[in-house]
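The values are calculated or read from the model by the stated rules, or taken from the named source; none is laboratory data. Computed from a predicted model, the values in this text were never measured in an experiment. Neighbour counts are summed over all protein chains in view; Cβ atoms, including those assigned to glycine, are modelled from backbone coordinates with ideal geometry. We work out accessible area using only protein heavy atoms, side chains counted, and drop any ligands, DNA or RNA first. Shrake-Rupley method; radii C 1.70, N 1.55, O 1.52, S 1.80 Å.
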Amino acid sequence: MNTRVTQLLGIEYPIIQGGMAWVADYHLAAAVSEAGGLGIIGAGGAPAEFVREQIKKAKEITDKPLGVNIMLMNPEADQIAQVVVEEGVKVVTTGAGNPGKYMTMWKEAGIKVIPVIASVGMAKLMERGGADAVVAEGMESGGHIGSTTTMALVPQVVDAVSIPVIAAGGIADGRGFAASMMLGAEAVQIGTRFVVAEESIVHENYKQQVIKAKDIDSAVTGMSTGHPVRGIRNKMTKEYLRLEKEGADFMELEKLTLGALKKAVVDGDVVNGTMMAGQIAGLIKKEQSCKEIITEIMDQAKALLK
Ligand code: TUI
């Protein structure tokens, strides 16, 4: 399937993997790229030198196109922005902020820049700043989210910009892929389904929570702090929402989530940890290889789009 996104990135299938903090390490990114999509190393809150090592390790496994996601609230975002240039990374996606100040440096290095945005205004700003494409991410997504749904956001962004749009949020199979194409997207970004990929280093306990999840099993914490985050409901999210309702201050809430993603991903603590996942988790029933996931989505989508 040929779109402006497959041409821009030199990939076989218009599927890019979400740059998930702690989850999207070099194993997952390399496996997605090897399977014909665009694998992305998620820098999350990691130090710049850790990200450099991840890039080097991924390149030992695959020579296919590969990207890095820079979470802009990372205190070392400036250094990571430099590392991707030094390591010859071809594609950068960004999240949780405005990457404007890095744009000139990245464009001069020949990097394809794809900001993840959650509003039409931000999409237009990114296009004016020289972005090669945008990921329009709906609030069905896991992790840090905006407030508009994928169904409403994608066509509005498509109408507002002329660069290619990649749909994200609530997409996990060929139906979601095909629907995204109908909305005018030229690729999809998928996160939650890759959390449970065989090549994903996520703890088995967390993977089983995604597999077990039903449609209504996610919760959004942090609405009151201005940083809403979607994850699978557990003791931590219940406690967080209770404190939020009582008007707890920011520091008190922060205490609950500090290090909580690592707890879930690495230690498998599904009680006190943060299990970021999208609303589509209910659709995901088993662990599969990245190759199987991508092949299945593309086969289903091709039949629907015929
Ligand atoms: O960034 C994401 N998803 C994420 S980042 C993340 S790590 C994290 N952990 C705890 C708390 C907060 C973050 C987990 N998931 N998705 C892309 C995304 N970007 N969604 C929404 C935005 C966004 C928000 C505001 C993009 C731009 C923006 O602009 C603000 C501004 O600077 O004007």
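Quick one: what pairs do we get from the stretch 106-131, first residue farther than 15 Å from Gln156 by Cβ and at pLDDT 95 or above, second in a strand (DSSP E or B) and acidic (Asp, Glu), C-beta under 9 Å, 6+ apart or different chains?
Val116/Glu137
Could you tell me whether any residue of the stretch 181-193 is closer than 20 Å to Ile294 by Cβ, of a type in the set (Ser, Thr, Tyr) and within 16 Å of the ligand (Cβ to nearest atom)?
yes
Going through the stretch 235-274 one residue at a time, which ones are out of contact with any helix residue (DSSP H, G or I) (no Cβ under 8 Å at 6 or more places or on another chain), farther than 17 Å from Gly44 by Cα and surrounded by 20 or more Cβ atoms within 10 Å (Cβ to Cβ)?
Hit for the stretch 235-274 is Thr237, nothing else.
When you scan the stretch 10-17, do you find a residue that is assigned by TED's automatic domain parsing to the domain that holds Ile297, touching a residue at least 40 places away in the same chain (Cβ under 8 Å) and touching a Pro at 6+ places or on another chain (Cβ under 7 Å), even just one?
yes
Which numbered condition trips up Val196, out of (1) among the aliphatic types (A, V, I, L, M); (2) surrounded by 17 or more Cβ atoms within 10 Å (Cβ to Cβ); (3) farther than 19 Å from Cys290 by Cβ?
Of (1) among the aliphatic types (A, V, I, L, M); (2) surrounded by 17 or more Cβ atoms within 10 Å (Cβ to Cβ); (3) farther than 19 Å from Cys290 by Cβ, only one is false for Val196: (3).
Every residue in the stretch 275-306 that is of a type in the set (Gly, Ala, Ser) and either assigned to a loop (DSSP other than H, G, I, E, B) or open to solvent by 10 Å² or more (accessible area, probe 1.4 Å) (or both), please.
Ala277, Gly278, Gly282, Ser289, Ala303
Within the stretch 233-274, track down each residue that is of a type in the set (A, V, I, L, M, F, W, C), in contact (Cβ under 8 Å) with a residue 24 or more places away in the chain and in a loop (DSSP other than H, G, I, E, B).
Once the filter is applied, which keeps residues that are of a type in the set (A, V, I, L, M, F, W, C), in contact (Cβ under 8 Å) with a residue 24 or more places away in the chain and in a loop (DSSP other than H, G, I, E, B), the stretch 233-274 yields Val270, Val271.
Please go through the stretch 219-236 and pick out each residue that is away from the ligand (no atom under 13 Å from the Cβ) and either in contact with a strand residue (DSSP E or B) (Cβ under 7 Å, 6 or more places away or on another chain) or among the small types (Gly, Ala, Ser) (or both).
Selection gives Ala219, Ser224, Ile232, Arg233.
Listed here are the residues, each with its yes/no results for (1) of a type in the set (Asp, Glu); (2) modelled with pLDDT of 95 or more.
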| position | (1), (2) |
| --- | --- |
| Glu204 | yes, yes |
| Lys212 | no, yes |
| Val220 | no, yes |
| Val229 | no, yes |
| Met251 | no, no |
| Lys263 | no, yes |
| Glu296 | yes, yes |
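Exactly one condition in (1) hydrophobic (A, V, I, L, M, F, W, C); (2) within 12 Å of the ligand (Cβ to nearest atom); (3) within 20 Å of Gln208 (Cα to Cα) is false for Val270; which is it?
Of everything listed in (1) hydrophobic (A, V, I, L, M, F, W, C); (2) within 12 Å of the ligand (Cβ to nearest atom); (3) within 20 Å of Gln208 (Cα to Cα), Val270 misses just condition (2).
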